[in-house]
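In what follows, a structure is listed as structure tokens, so that the remarks can point back to it.
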Amino acid sequence: MKPYTEYGVIKLYALYRGAMKLYTLYRSSSVQSGRCEDINMDYIRNFESLSENFCRMLLFNNKILGLRINMRPEHTTEEMFSYIWRLDEAQRFLTPVLIPPSKSESVSFMHWREGECAYRIRDLDTALKCYNLAILSAPHPDILADSAEAHDREMYKALALGYESRSIVLFDLQQYEKCSKDIDRALQLDSYKISCKMIEMKARCMKFISAGKDKTFDASAESLKSYPESFAYTSPNPPKLTEVNPTMPSLSSSIKLAYTPSEGRHLIADKDINPGEIVSIDDGYCNTVFMEASKVYCTVCLRRSMTPIPCPNCNMVIFCSEECRTEGMSGIHWQECPILPTLFALDMGRNPALAYRIMMKTSHAKLKEMLPLLRLEAKKKSPKNHGFNKDGIYDEKHCRSAYHLVTNKEKLSSQELLRRCIQAFIITKLQHLSGRYFITSDEEFFTPNHEDIILTGSTLINHMMNLICNAKAITFLQVSVNISQLGHEIMCGSGIYPASSLLNHSCNPSCSTFFYGKIEVVRAVHFIPAGKQLTISYGETYTNKSRASRMFPLMAQYHFQCKCEACEHCWQPLGDVSPLPLLKCGKCHEAINPFTQVCFECHLYYGNNVGKSAAPYNYKLISKKIENFQVEYQIATQNIFINGNYSDKDLKAVRVLIKLLCKYMKQPCPLLMDAINTLCYLFNKRGSCVYYKNNLESPCVIS
């Protein structure tokens, strides 16, 4: 144990004083009897506060050293979780206070009145957002009946009023199909006082729908500037893989799996892959929407919805359709619904919510059955074959593929392991408190024994570790209507994608990810020759950061030192690179002198491509070819960013230029990166995309 520094002594003394103060509360009758009136509940519910109180009490009871000894990489996750679970201090200070989900008629009416004010001044976008919040907050029946008589009309008056008001706004916005559905919902709930008015409006909706007057979004036309901003978004269906890998169904047949001790499992090209080619389409094992986006993005499919359908029990999430609500209420959301307000109040970060969902999706019964086999596979199987079933298939929808993702456990510090253990402890408590995890095959709740608890908690630690390295942000593109160049990616959720998680990092990545709701599509953005590794960026690229500034975050989160081409050759950020493009030698890959056409390194002459000493290509011919396609590229960028439209010909011009630059141009090359950014922009626009009118900043996604 290292000697304490002066700062360490001061910090320990502060913890000791805090422990003394907390110990007084601990001994008080209110705490001993299970009541917590003497302790600020907001303070106790926060994850950092729970952790701090726990550590203070351990310090007071002289157990900190024991904690440090048991939180080490050489211990198994079962040993670490068993130790922390046995601690009385953990049971006392890490058990969260459950905040039950609720609806509020008064809150619903408050949002409704705000919507009425916005509607009176014809601010329809704001009115729509307020009515959405009114619907989400209103008390809701468990299941909507076929007739209004089945309900207590007064009990669900706020919900009916929300649907009625939203339908009027939707009618004014010419969203007649959505308006018609809201009218049906209002009529199922509300009194006969509004029925005649609603029926008349529904009849008009049906007339407009049959006449084709329902206003649809056209992302490529001038109509963008007059279109209601609330519905200026696209959520298209994803493309399909034309040739599927026989053993890894989420990957293209042009990809194969490889393994080395230094690089682990990774993907390489089995044949030449062109820019824009799809290499992976992954539904993912599990995903979740971030809390700050949960009022706009469906909790099941993660598609944007501005006419959401509420959960009957909580106001924390939305559904984009009846189908998604049926799926959510019979699956993961039904399981998480009782604890979502508590999870939000704990503020543990984004990964714990995803870990909770992973456990719920796997189910306790399946985990208990599978875990011994998964642990045996981890010990006996070759690392390359982790995640493959007995038939040799890598199924990303099976818990096996998610469980075997890298954790970097042996590289984590005691402090990091302790944090994961505390998170796992709290989530295990929430699973127990929910009453919806420890259930039998007949969906009956049972009290878990010690073995059940340790199995659950240790698996959670495993997921908490591998999510740090493998969870991916689910993004959408926000684009300005008035300035097409003004676009940026926004995160709305995260997911675990076992197949694409096998892609290693590069600061000069050859692939990029694009999302269609929760579905991830990976495309090549370079020309990738057969045998070369496919890579993505884990968040750091050479284009705007120096090598030194990239190393720290990669080491801190992923625990490796990058050895990609950009790092090994110390490429400068693009701002420091000469814009003069240089062709590269086909043999030594160094630059060719543009005046003499001779390679600076191996002195091969590129003016001659005949005979034994011929160069791999003719300098003048390739230069001219690149110059011609550069002209076509400039025309394409004019169409894309200035005119706001592009054709297949424009897309082809971008892809061909990238291929030529990858094959013949010395990197780093600013022109190549510009073309890659343009390609990414185009494919982002084909996925989940939101348009806004403000040129300076993007709109808030939540009212």
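The values are calculated or read from the model by the stated rules, or taken from the named source; none is laboratory data. Please read these numbers as outputs of a predicted model, since none were measured by experiment. Don't worry about glycine lacking a Cβ; one is built from the backbone with ideal geometry, like all the others, and counts go over all protein chains shown. For accessibility, only protein heavy atoms count, side chains too; no ligands or nucleic acids. Shrake-Rupley method; radii C 1.70, N 1.55, O 1.52, S 1.80 Å.
Can you tell me which of 268-275, 426-433 comes out highest on packing, and rank the rest after it, using the mean Cβ neighbours within 10 Å?
426-433, 268-275
Would you tally the net charge around residue 86, using a Cβ to Cβ cut-off of less than 15 Å, leaving residue 86 out, and scoring K and R as +1, D and E as -1?
Once all neighbours under 15 Å are counted, the net charge is -2.
Percent of Cα-Cα pairs more than 17 Å apart in the range 197-281, please.
70
Give me the percent of DSSP beta bridges within the chain that run antiparallel, rounded to the nearest 5.
The answer is about 85 percent antiparallel.
If R₀ is 45 angstrom, what is the calculated FRET efficiency for the pair residue 79 and residue 589, using the beta carbon separation as r and rounding to 0.05?
The computed FRET efficiency comes out at 0.35.
Among 287-295, 341-349, what's the highest-first ranking by average C-beta atoms within 10 angstrom per residue?
Averaged packing, sorted descending, gives the order 287-295, 341-349.
Residue 576 to residue 86: extension gain in nm, 0.36 nm per residue of separation minus the Cα-Cα distance?
Extra length from residue 576 to residue 86 when fully extended: 170.7 nm.
What do you get for trypsin sites (Lys or Arg not before Pro) in the range 558-607 restricted to DSSP loop and a cutoff of at most 13 other Cβ within 10 Å of the site's Cβ?
563, 587
Calculate, in whole percent, how much of the Cα-Cα pair population of the range 544-668 lies beyond 17 Å.
Percent of Cα pairs beyond 17 Å in the range 544-668: 67.
Using only Cα atoms, what Kirkwood radius does the chain have, in angstroms?
28.7
For the range 202-346, what ratio Rg/Rh do Cα atoms give with a Kirkwood hydrodynamic radius?
On the Cα set of the range 202-346, Rg over Rh gives 1.08.
Sorted by packing (mean other beta-carbon atoms within 10 Å per residue), highest first, where do 453-466, 115-128, 592-605 land?
453-466, 115-128, 592-605
For residue 226 and residue 64, compute 0.36 nm times the residue count separating them, minus their Cα-Cα distance, and round to one decimal in nm.
Fully extending the segment from residue 226 to residue 64 adds 52.0 nm.
With all protein chains present, how much of the accessible area of the range 527-569 (probe radius 1.4 Å) comes from carbon and sulfur, to the nearest whole percent?
The computed percentage sits at 54.
Run the simple label-point estimate for residue 323 and residue 473 please: 7 Å along Cα→C-beta, distance reported in nm.
Spacing of the two 7 Å Cα→Cβ label points: 3.0 nm.
Given a Förster radius of 22 Å and the C-beta distance between residue 117 and residue 217 as r, what FRET efficiency does 1/(1 + (r/R0)^6) yield to the nearest 0.05?
0.20
In Å, what Rg and Dmax follow from the Cα atoms of the range 369-415?
When restricted to Cα atoms, the range 369-415 yields Rg and Dmax of 11.8, 40 Å.
Which FRET efficiency value, to the nearest 0.05, is calculated for residue 110 and residue 559 with the Förster distance at 35 angstrom and r the Cβ-Cβ distance?
0.15
If I model a spin label at residue 209 and residue 488 as a point 7 Å from the Cα along the Cα→Cβ vector, what separation in nanometres do I get?
Label-label distance for residue 209 and residue 488, simple model: 3.9 nm.
Considering every pair of different Cα atoms, what Kirkwood radius, in Å, is found for the range 340-484?
With all distinct Cα pairs of the range 340-484 included, I get 16.9 Å.
For the range 462-559, what is Rg from Cα atoms divided by 2.2 N^0.38 Å, rounded to two decimals?
Dividing the Cα Rg of the range 462-559 by 2.2 N^0.38 Å gives 1.18.
With every protein chain present, what accessible area does residue 527 have (1.4 Å probe, heavy atoms only), rounded to the nearest 10 Å²?
We get 30 Å² for residue 527.
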